[in-house]
Every structure is written in structure tokens, then in C-alpha cells.
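Take a look at the structure set out below.
Since every read-out is calculated from the coordinates, none of them should be taken as a lab result. Predicted, not measured: the structure shown is a model, and the values here were computed from it. Please note: Cβ atoms are built from the backbone with ideal geometry, for glycine as well, and neighbour counts cover all protein chains shown.
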Amino acid sequence: MKCNENWLMQNLLVIFFVSQLFSTSSLLESPASSSSSSAEPSQETLVEDFFICRSCGHDVSLSNFVLEKYSPLALGSSNQTLSTGREAIVQEVQNTLGIRFKIIVVEKAYCAKVESWSLLHSWFPGYAWKLCVCPKCRTHLGWMFEPLETATSDRYFPTEKGFYALISSNIISEGYVNSLLMREKALRNN
Ligand SMILES: [Zn+2]
């Protein structure tokens, strides 16, 4: 009986987690159901590929959410073809300490709740920023951006007018991981 209770609790936790993930602010919210007009308003969100945390494998975003949003302060940019064939713009930005990051801008991402927005040295003028860290392992995954006027202290995550910039070296696409595993399996079987 005790065992059954544990089993039930575990399943309830799984259901709770999944329902959190798929709630209104989740990654999988269809653009059609959001109030702003998205790039593809008539389409349901079909998951192409997941971006996952390179450190722990936690889901971070979807390749569907890649945005063409340029920073006027970027040192340069290049195109990267994702495993799905979709093109992503990789921009190189530099912080005030001279550290450079290659970033990919996405509409939505899964970050841990962190405090207060910063208005200083934003790579996207007109937007405040805060860190995006992995909800599971706390690895620094990138930054969240929100228009200055709505970047209030009680707002933990960007609105539909905001976005996320993910550090390309700290995320990896699940499709790519799977292709590596398939290749490894094929080699082992030979
Ligand atoms: Zn992680």
C-alpha cells in the first residue's frame, strides 16, 4: 500500500511538472493563441527540435522560436544551419569586461526565476536585461530582454514584446545529440 502511495505521488509530481511546462507561459504555447500577432499566426507550434542545456540536458527552448533580431552593438554575425534545416543568426557581443559571447535570439526560453532587470549596457537599446540561468543546474544560458517600460520588478520573465538571447556554446540541439547517438550506435553495430 505504501508502495502504491509513493507511485501515485511520483506520478502526480510528473503530471504537475508537465502541466507547468505546458501552461500558458510555457514553451509550447501556440503563437496563434497568444494575443500579439506572431510571425506565423495561422500555424500551430509543431515542435521542430529542442535546444537543451549543454550541462544537464534540461529543455531550454525550441528551434521554432529562433528570431531574426539584430543587436546594433554586435561585433559580427553569421548564419548557423540547425539540425532541422532552419537558419539561426549567431551574433557576437561583448560585455563591459571584454568577454565575448556568441548568442542566438529566441522568442521564448525556459530560465530560472531571477531578480531585477538591469538598464545598463544593454546590447539591445530600449530593452532591459537580466540573466537566464538553467532552471535545473543554474548554468548561465544567456539573458532575458524586456522593453524598458514593462521591465518592472514584479515581472520575472519577458512579455511577448521581450525575447531571450542564448549563448550558443551553452546550448545544444536535441536533434544533434540524437544524430550523434545514432552515429555511435551505427559504428558499434558495424
Ligand atoms: Zn542545465
Those residues of region 50-78 that are within 16 Å of the ligand (Cβ to nearest atom), more than 11 Å from Asn170 (Cβ to Cβ) and touching a helix residue (DSSP H, G or I) at 6+ places or on another chain (Cβ under 9 Å) come to a total of 3
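Going by the conditions given, is Ile99 away from the ligand (no atom under 16 Å from the Cβ) and surrounded by 13 or more Cβ atoms within 10 Å (Cβ to Cβ)?
Working: away from the ligand (no atom under 16 Å from the Cβ): yes; surrounded by 13 or more Cβ atoms within 10 Å (Cβ to Cβ): no.
No.
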Just to be sure, is Gly126 at positive phi and within 16 Å of the ligand (Cβ to nearest atom)?
no
Those residues of region 137-167 which are closer than 14 Å to Asp59 by Cα and hydroxyl-bearing (Ser, Thr, Tyr) amount to Thr139
Any hit, region 110-119, residues being touching a Ser or Thr at 6+ places or on another chain (Cβ under 9 Å) and touching a residue at least 60 places away in the same chain (Cβ under 8 Å): yes
Reported set for region 153-187 where residues are among the β-branched types (Val, Ile, Thr) and in contact (Cβ under 8 Å) with a residue 24 or more places away in the chain is Ile167, Ile171, Ile172, Val177
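Go through Gly98, Gly142 for me and flag whichever is touching a Cys at 6+ places or on another chain (Cβ under 9 Å) and among the small types (Gly, Ala, Ser). Talk me through it step by step, then tell me what you get.
Numbers: Gly98 fails: touching a Cys at 6+ places or on another chain (Cβ under 9 Å).
When all the criteria are applied, what remains is Gly142.
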Scanning region 129-175 for residues that are in a helix (DSSP H, G or I), over 12 Å from the mean Cα position of the chain (by Cα) and within 16 Å of the ligand (Cβ to nearest atom) gives Ser169, Glu174
